[in-house]
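Written out below as structure tokens is the structure these notes cover.
The values are calculated or read from the model by the stated rules, or taken from the named source; none is laboratory data. Keep in mind it's a predicted model, so treat the numbers as computed, not measured. SASA here: full protein model, heavy atoms, side chains in, ligands and nucleic acids out. Shrake-Rupley method; radii C 1.70, N 1.55, O 1.52, S 1.80 Å.
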Amino acid sequence: ECKVTDTSLFFFLFAIGIGVARLFAGKIFDRKGPKGIYTTGILLLTTGLCIIAFFKNTYGLHFAALILGIGNGTIFPVTQAIVNNMVEINRRGAANSTLFTAFDLGIGAGMVITGTLSDLISLSNTYLLFAIMCIVSLIHAHVFVFPHYERNKIK
């Protein structure tokens with residue numbers, strides 16, 4: 001296992017990745033819709049998780065931080081745009097509130113689940129399991145979410 005004593009650079013690089021993604025994700029969504037940019041974001045998350053699982057050194061951790069930041073910085077605004085495009089303007093406050101509540105619950109539950117799983121199957125295997133879950137979520141998005149969005153988005 002990689003012994004990391006200072007996580008500040010990880011989170012700094014993660015934040016840079018988010019910032020970089022925010023520069024282009026919205027524009028791509030507006031021009032081409034959610035499928036391609038969402039798929040790219042999920043594949044970046046999958047890649048970042050695999051890097052953390054396999055490259056157990058600070059270079060791998062820091063590269064993964066940048067990749068994960070770009071993936072997260074892509075996924076969240078795309079998800080928020082999907083939600084906002086499916087509700088009337090006067091309901092966007094409630095829609096965003098629901099989205100952020102789900103996000104916060106996921107972050108909280110994710111910490112507990114990650115800790116529990118890492119004790120049972122190792123941290124590296126936990127990251128690999130989460131990478132698999134990303135691919136499953138991508139399949140779910142293509143089979144269910146995007147068709148639902150196309151049927152229900154408000155012009």
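Multiplying the residue separation of I113 and I132 by 0.36 nm and removing their Cα-Cα distance gives an extension gain of 5.3 nm. Express in % the proportion of alpha carbon pairs of the stretch 1-65 at distances exceeding 18 Å. Of all Cα-Cα distances in the stretch 1-65, 45 percent exceed 18 Å.
Quick check for you: with a 1.4 Å probe and neighbouring chains kept, what is the accessible area per residue of the stretch 72-155, in Å²? Walk me through the numbers before you get to the answer.
Values: 5220 Å² over 84 residues.
Value returned for the stretch 72-155: 62 Å² of accessible area per residue.
Here the Karplus curve 6.51 cos²θ - 1.76 cosθ + 1.60, taken at θ = phi - 60°, turns the phi angles of the stretch 142-148 into couplings of 6, 7, 10, 5, 5, x, 4 Hz, with x standing for Gly and Pro. Just to confirm the number: angle between the C-alpha axis of helix 58-85 and the first principal axis of the chain, 0 to 90 degrees, nearest 10? Here the helix axis deviates by roughly 20 degrees. Using the alpha-carbon positions of the stretch 93-151, Rg (one decimal) and Dmax (whole number) come out as 14.6, 43 Å. A convex hull fitted to the Cα coordinates of the stretch 38-155 yields 99 cubic angstrom per residue. Between helix 92-121 and the chain, what is the angle of the helix's C-alpha long axis to the longest principal axis, kept within 0 to 90° and rounded to the nearest 10? The helix 92-121 is inclined about 20 degrees to the chain. Using just the C-alpha positions of the stretch 30-86 as equal point scatterers, what log10 of I(q)/I(0) does the Debye formula give at each q in 0.13 1/Å? Once normalised to I(0) and log-transformed, intensities are -0.37.
Taking only protein heavy atoms and a 1.4 Å probe, the accessible area of the stretch 1-118 is 68% carbon and sulfur. Taking 16 Å as the straight-line reach from the Cα of K153, the aspartates and glutamates in range (excluding those fewer than 8 positions away in the same chain) are D30, E88.
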